[in-house]
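Can you read through this structure? Questions will come right after.
The values are calculated or read from the model by the stated rules, or taken from the named source; none is laboratory data. On a predicted model such as this, the values are computed, not experimentally measured, just so you know. Every residue, glycine as well, gets a Cβ built from its backbone with ideal geometry; the counts of neighbours run over all protein chains shown.
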Amino acid sequence: MLLKRLSVFAFLLVGLTACSQPDPIQRISGPAQGSTFTVSFWSEQELDKSSLETQLKDELERIDLLMSNYRPDSVIEGFNAQQSLAPTEVGDELVQLVEIAKQISAYSEGCYDLTVKPYFELWGFRGDKLTKPSIEQIQALKQTIGLDKVTLIDSKSLAKQHSALRVDVSSIAQGYTVGQLAKILDKAGIQNYLVEVGGELVSKGKKPEAKAWRVAIEKPLPDSQKLQKIISVQQDEPLSIMTSGTYRHFYDQDGVRYSHVLDARTGTPVTHATVSTTILIADPTWGDAWSTAFLCMGSEQGLKVADELKLPVLFIDQQGADFIEKPSKALTEALSSGTAFSFVE
C-alpha cells in the first residue's frame, strides 16, 4: 500500500428510490484487502444471491492469500522472505502483475516501481512522525530497489537479483481483484453491475430504467469530502475508473509538505503539483497501476505519456487554493464524441 490507497476516495452514487418502491439493485459488501468491497448489481433473471456472495468472498480470500503483503503466509511474502536468487514459483497471476508493472514502470521512466517499499519504510511513513533520511541512507538502499532486479523466469516463476529485494503489489492488486469479481458476475449472467474494492471500480451495463451508473471523484482536499466530478457511465462493455491521490496522506515538517508518494528513481517524495489522477480504461489491472504511475509522474510528464498511448486520463493539479483540471487528449476527444461516459458538473 505504498503508492496506491494513499489518498483515494472514489465513491458510488447509485441513486435513491422512493420509499414505496423496492430497490431493484442488490448489493453484497464487506471487508477486503485492508479496506472494503461493494458489489452492486441487478438482473431480470432469478439469481442465488447467497451462492454469489460465497463465490465473491472466496475469491477475495484466495487473492489475499496470494498477493497480500500484510500476511506472512501469502505467496508474495514467501517470495519476499526467501534469500535465494534461484527461481521461485509464485503462479501465473503474480507473474502477470509483475509483467504489467514492468511495462508501466518503463513508460514512467522508473518512477512507478513495485519494489519501493524499503524507501517507504526508511522515511518512517508507517508511524506518526516523519523521519527524513540522509542522502547516504537513500543511496545505500538503491541496490535493493528496481523492477529490473526481478526476473521473469517463465509464466509461473520469478527470481530476485538481490536477496533483500521485496515486491509489493498493492498498487495493482486491487485493480486485478475488481476484475476477478467482475468475471464472477459475468459468469453468473449478470450484465449490469458496479464492482468496487477500496475505491477501485469497474462498471458494466446500466442501472434499472436505462439510467447510468454514476461515480463521484472527490475534490482533493485533506480534511473534507466534497465532489470534484461525477462520471456518468452507461455501456455494454466493462469500464474501469481508477483514481489515485496525494492529498490524504502526507507530513508537514519544518514548513515543507512531504507526500507519501515516493519516486522510485530518487527515493524521495514527489514534489510536483499533481494531487489526483483518474483513468478510464477497460482493464482494471492496467488502470490501477496506471493511475498510480500517473500520480507519481505528475501532469507534466504524465500527460506526454497519456497522449502518446491515447489513454483517457484526468490530472488535477493544485495551485494555492485552486484545483486545475488537465485532461489528456484522449479524454477530451472521448467526452466530445458522445461516448458512453460523460462528466456531470
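Can you pull out the residues in the range 70-87 that are surrounded by fewer than 18 Cβ atoms within 10 Å (Cβ to Cβ), among the hydrophobic types (A, V, I, L, M, F, W, C) and in a helix (DSSP H, G or I)?
Hits for the range 70-87 are V75, A81.
Yes or no: A106 outside the structural domain of Q33 (by TED's automatic domain parsing) and either within 19 Å of the chain's Cα centre (by Cα) or in a helix (DSSP H, G or I) (or both)?
Criteria met by A106.
Output the qualifying pairs, or none if there are none: Cβ atoms under 9 angstrom, residues six or more apart or on different chains, first residue in the range 228-253 and assigned to a strand (DSSP E or B), second residue at pLDDT below 75 and hydroxyl-bearing (S, T, Y).
The qualifying pairs are Q235/T339; S244/S7; G245/S7; F250/S7; F250/Y258; Y251/Y258; D252/Y258.
I need the full set of residues from the range 30-41 which are modelled with pLDDT of 95 or more and surrounded by fewer than 19 Cβ atoms within 10 Å (Cβ to Cβ), in order please.
Of everything in the range 30-41, just one residue is modelled with pLDDT of 95 or more and surrounded by fewer than 19 Cβ atoms within 10 Å (Cβ to Cβ), namely T38.
Is it the case, given these coordinates, that K117 is touching a Lys or Arg at 6+ places or on another chain (Cβ under 7 Å), at pLDDT below 95 and not assigned by TED's automatic domain parsing to the domain that holds H260? Walk me through it before giving the result.
Working: touching a Lys or Arg at 6+ places or on another chain (Cβ under 7 Å): yes; at pLDDT below 95: yes; not assigned by TED's automatic domain parsing to the domain that holds H260: yes.
For K117, the condition - touching a Lys or Arg at 6+ places or on another chain (Cβ under 7 Å), at pLDDT below 95 and not assigned by TED's automatic domain parsing to the domain that holds H260 - is met.
Of the residues S337, S328, which single one is crowded, with 21+ Cβ neighbours inside 10 Å and either of a type in the set (G, A, S) or over 23 Å from G199 (Cα atoms) (or both)? Let's see the steps before the verdict.
On the way: S337 fails: crowded, with 21+ Cβ neighbours inside 10 Å.
Exactly one residue qualifies, and that residue is S328.
Restricting attention to the range 152-209, which residues are in a helix (DSSP H, G or I) and over 23 Å from L60 (Cβ atoms)? If you could, list the steps in order and put the result at the bottom.
At the first step, the residues of the range 152-209 found to be in a helix (DSSP H, G or I) are 170-187, 208-209.
Of everything in the range 152-209, those that are in a helix (DSSP H, G or I) and over 23 Å from L60 (Cβ atoms) turn out to be P208, E209.
Considering only the range 42-53, how many residues are assigned to a helix (DSSP H, G or I) and either surrounded by 12 or more Cβ atoms within 10 Å (Cβ to Cβ) or touching a strand residue (DSSP E or B) at 6+ places or on another chain (Cβ under 7 Å) (or both)? Walk me through how you get there before you give the answer.
Looking only at the range 42-53, we keep the residues that are assigned to a helix (DSSP H, G or I), and these are 49-53.
Checking which are either surrounded by 12 or more Cβ atoms within 10 Å (Cβ to Cβ) or touching a strand residue (DSSP E or B) at 6+ places or on another chain (Cβ under 7 Å) (or both) leaves us with 49, 52-53.
Within the range 42-53, residues that are assigned to a helix (DSSP H, G or I) and either surrounded by 12 or more Cβ atoms within 10 Å (Cβ to Cβ) or touching a strand residue (DSSP E or B) at 6+ places or on another chain (Cβ under 7 Å) (or both) number 3.
Keeping to the range 263-284, report how many residues are in contact with a Ser or Thr (Cβ under 7 Å, 6 or more places away or on another chain) and among the polar types (S, T, N, Q).
Count: 4.
Ok, one more. If a residue has to be at pLDDT 95 or above, farther than 16 Å from L85 by Cβ and buried (at least 21 other Cβ atoms within 10 Å of the Cβ) to count, how many in the range 149-170 make the cut?
2
Under 6 Å between Cβ atoms, at least 6 apart or on separate chains: pull out the pairs that start in the range 319-345 with a residue that is in the same structural domain as A210 (by TED's automatic domain parsing) and end on any residue that is outside any strand (DSSP E or B) and polar (S, T, N, Q).
As it stands, the answer is K326/S299; A340/Q234, since those pairs meet every condition given.
Answer yes if at least one residue in the range 60-69 is within 20 Å of the chain's Cα centre (by Cα) and in a loop (DSSP other than H, G, I, E, B), and no otherwise. Break it down stepwise before answering.
Within the range 60-69, the first condition is being within 20 Å of the chain's Cα centre (by Cα), and the residues that meet it are 60-69.
Narrowing the set further to residues that are in a loop (DSSP other than H, G, I, E, B) leaves 68-69.
Checking the range 60-69: at least one residue is within 20 Å of the chain's Cα centre (by Cα) and in a loop (DSSP other than H, G, I, E, B).
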